[in-house]
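Novice: Below: one structure in structure tokens.
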Amino acid sequence: MLKVEQKRPTKIVDISGTKVGGGHFLFCAGPCAVESRELLFKIADYLKKTPVNLLRGGAFKPRTSPYSFQGLGEDGLKILKEVSEYLGIPFVSEVTDTKYVEIVYKYADCFQIGSRNMSSFELLKEVGKTDKPVLLKRGMAATVKEFLNAAEYILNEGNENVILCERGIRSFDPEFRNILDLNAVAFLKQKTFLPVIVDPSHGTGKRSLVRRLSLAAIAAGSDGIIVETHPNPEKALSDGFQSLNIKEFISLSQEISSFVSYSGYELQKHQKD
Ligand code: PEP
Ligand code: MN
């Protein structure tokens, strides 16, 4: 049996004050990529009106095409830090390679390991040697067992602060970018003590489906959601088609608040007033 499969109460992971698991709901949102300081402050202005308790944004972007926007790197992390301090909430950002672990560690409150790197074992070991929480996304073609083994790599180095994230898997149907595997969410909740969250943005690849699948994720037992939003999705440099605009995001967050409390979770809001 893997360590992650031990029968234990759900681990409560503390991301610089924002808790996830054991009844604490993680509501993470932000753009796919940090495009500019102006854009992130614009987003912060509407996130302020919601109970979002973790900011997201990619500074190192693992793009399918080498010709797509690759992210702002360290400058992006500096902007995230500034905006997270302005909001009074922590932030998560992706680390794409062992050589960036140190720099992401310096700024971010939580590492994100993306779908394309779920099986980068040296990267898993490196973040496992740190004391920072890790949001580990499921590989787009990874089995649940492979996903659990990836988490085990991190735990084996001494870091138990791992949050599993279901973000959709590849299917035969070109209609959808991915199929959000809610089976896996309900199953992982039985199988592991680690908190499990859902990414309905990548999980569906369609803005119009994000609301329904966010609510479905909660019903399936998810400990949180991570959602992409952009004030002008048509102009976004990445993943605009699955990013919620301001109006859609505000209305999602209102529904999330009531659904979360109806389901008995605590949605801790600690943004600055
Ligand atoms: C992201 O969160 O923007 C991202 C690249 O996600 P994934 O690794 O799930 O594709
Ligand atoms: Mn994205």
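The values are calculated or read from the model by the stated rules, or taken from the named source; none is laboratory data. The model shown is predicted, which means the values in this text are computed figures rather than measured ones. Glycine also receives a Cβ, built like all others from the backbone with ideal geometry; neighbour counts cover every protein chain displayed. Surface areas here come from the heavy atoms of the whole protein model, side chains and all, with no ligands, DNA or RNA. Shrake-Rupley method; radii C 1.70, N 1.55, O 1.52, S 1.80 Å.
Novice: Go through 134-140, 203-209 and give me the packing order, highest mean Cβ count within 10 Å leading. Could you put the intermediate results ahead of the total?
Specialist: Details: 134-140: 24.1, 203-209: 19.0.
Put in order of decreasing packing, that is 134-140, 203-209.
Novice: If you don't mind, another one. Put a dot 7 Å past each Cα toward the Cβ at K3 and K49; how far apart are the dots in nm?
Specialist: 4.5
Novice: Let me ask something else about it. Rolling a 1.4 angstrom probe over the protein heavy atoms, how many square angstrom per residue are accessible across segment 203-273? Write out the running numbers ahead of the final one.
Specialist: Details: 3290 Å² over 71 residues.
Solvent-accessible surface per residue comes out at 46 Å².
Novice: Right, here's the next one. Using the Kirkwood radius built from alpha carbon pairs, what does the Stokes-Einstein equation give as D for the chain at 10 °C and 1.306 mPa s, in µm² per second? Write out the running numbers ahead of the final one.
Specialist: On the way: Rh = 18.1 Å.
For the chosen part, D equals 88 µm²/s.
Novice: Given the peptides 217-229, 234-246, 6-18, 108-120, arrange them by the average over their residues of other C-beta atoms within 10 Å, most packed first. Provide the component values of the computation, followed by the final result.
Specialist: Details: 217-229: 24.0, 234-246: 18.5, 6-18: 15.3, 108-120: 22.3.
Put in order of decreasing packing, that is 217-229, 108-120, 234-246, 6-18.
Novice: Order these peptides, 193-200, 249-256, 57-64, by their mean beta-carbon neighbour count within 10 angstrom, highest first.
Specialist: Values: 193-200: 26.5, 249-256: 18.5, 57-64: 20.5.
In descending order of packing, they fall as 193-200, 57-64, 249-256.
Novice: Still on this structure, please answer the following. Just the number, please: carbon plus sulfur as a percent of the accessible area of the chain, 1.4 Å probe, no ligands or DNA/RNA counted. Please list the in-between numbers first.
Specialist: Working: 5730 of 11260 Å².
Percent of accessible area from carbon and sulfur atoms in the chain: 51.
Novice: Moving on. Would you mind telling me the antiparallel percentage of the DSSP bridges in segment 127-273, rounded to 5?
Specialist: Working: 1 of 10 bridges.
Roughly 10 percent of the beta bridges in segment 127-273 run antiparallel, per DSSP.
Novice: Still on this structure, I have one more. If one computes the Cα centroid of segment 41-82 and of segment 150-168, what distance in Å separates the two points?
Specialist: Using only Cα atoms, the two centres lie 22 Å from each other.
Novice: Given the C-alpha centroids of segment 196-250 and segment 1-28, what is the distance between them in whole angstrom?
Specialist: Segment 196-250 and segment 1-28 have Cα centres spaced 22 Å from each other.
Novice: Also, quick follow-up: Using Cα pairs closer than 8 Å and at least 6 residues apart in sequence, work out the relative contact order for the chain, in percent.
Specialist: On the way: 606 pairs, mean separation 62.0, N = 273.
After rounding, I find 23 percent.
Novice: Taking Cα pairs under 8 Å and at least six residues apart, what relative contact order does segment 1-50 come out at, in percent? Don't jump to the answer; show the numbers that get you there.
Specialist: Working: 22 pairs, mean separation 9.0, N = 50.
For segment 1-50, the relative contact order is 18 percent.
Novice: Given the pairs K7/K132; K48/K78; K81/K191, which are separated by over 30 angstrom at their Cα positions?
Specialist: K81/K191
Novice: Over segment 93-206, what is the relative contact order in percent, taking alpha-carbon pairs closer than 8 angstrom and at least six residues apart?
Specialist: 21
Novice: May I pose another question? Give me the extension gain from S65 to S258: residue separation times 0.36 nm, minus the current Cα-Cα distance, reported in nm with one decimal.
Specialist: Values: separation 193, 0.36 × 193 = 69.48 nm, distance 3.93 nm.
Roughly 65.6 nm would be gained on extension.
Novice: Going Cα to Cα from K247, which aspartates and glutamates come in below 20 Å? Please leave out same-chain ones fewer than 8 positions away.
Specialist: Here the aspartates and glutamates satisfying the reach criterion relative to K247 are E38, D45, D199, E228, E234, D239, E255.
Novice: Using every Cα-Cα pair within segment 110-256, state what percent have a distance larger than 24 Å. Kindly include the intermediate steps, with their values, before the conclusion.
Specialist: Values: 3405 of 10731 pairs.
When every Cα pair of segment 110-256 is considered, 32 percent fall beyond 24 Å.
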